[in-house]
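Structure, as structure tokens:
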Amino acid sequence: MDSTMDASGEPIPTSSVLMAAAKHIGTRCRGENMAFLKCKKDDPNPEQCLDKGRQVTEFVLHLLKDLHQNCNKEMDAYAGCMYYHTNEFELCRKEQQSFEKACPFL
């Protein structure tokens, strides 16, 4: 994996990219995720929550673009390590530290 973005500048949300960004997603997308989960809990009809699901997806893709713009080298290194080591966090701690230092989650 060379980059977390494709040639047109769109994020490539592979499992390794999503795993690398998991803490950021959990922190910064919390409101959207909670609204989606509440919708699913409150309404057994999955069609009622499609808009909330789209909002979560759009927010995550926007976040991935933001991370790529602000700490592209560290994000690519961390996601690349996760890809190479089949998403084993323990084998990518050095890259994780560099990424979290360059792009702290708030």
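Remarks
- Count of residues meeting criterion [touching a Phe, Trp or Tyr at 6+ places or on another chain (Cβ under 8 Å), under 21 Å from Glu74 (Cα atoms) and not β-branched (Val, Ile, Thr)] in region 27-64: 2
- Residues of region 83-98 that turn out to be touching a residue at least 60 places away in the same chain (Cβ under 8 Å) and assigned to a loop (DSSP other than H, G, I, E, B), as a count: 1
- The condition of being open to solvent by 70 Å² or more (accessible area, probe 1.4 Å), in contact with a helix residue (DSSP H, G or I) (Cβ under 9 Å, 6 or more places away or on another chain) and under 20 Å from Cys103 (Cβ atoms) holds for Lys23.
- Test: residue in region 71-82 that is farther than 16 Å from Asp6 by Cα, open to solvent by 80 Å² or more (accessible area, probe 1.4 Å) and out of contact with any His (no Cβ under 9 Å at 6 or more places or on another chain): no
- Among the residues here, Thr57 qualifies as free of Cβ contacts under 8 Å to residues at least 12 places away in the same chain and within 13 Å of the chain's Cα centre (by Cα).
- Top-ranked residue in region 83-106 [being in contact with a helix residue (DSSP H, G or I) (Cβ under 7 Å, 6 or more places away or on another chain) and polar (S, T, N, Q); ranked as most open to solvent (accessible area, probe 1.4 Å)]: Ser98
- Subset of region 37-60 (residues that are open to solvent by less than 60 Å² (accessible area, probe 1.4 Å) and in a helix (DSSP H, G or I)): Cys39, Cys49, Gly53, Val56, Val60
The values are calculated or read from the model by the stated rules, or taken from the named source; none is laboratory data. A quick note: this is a predicted structure, and the numbers were derived from the prediction, not measured. Methodologically, a virtual Cβ is constructed for each residue, glycine included, from the backbone with ideal geometry; neighbour enumeration extends over all protein chains shown. Accessible surface areas use protein heavy atoms only, side chains included; no ligands, DNA or RNA. Shrake-Rupley method; radii C 1.70, N 1.55, O 1.52, S 1.80 Å.
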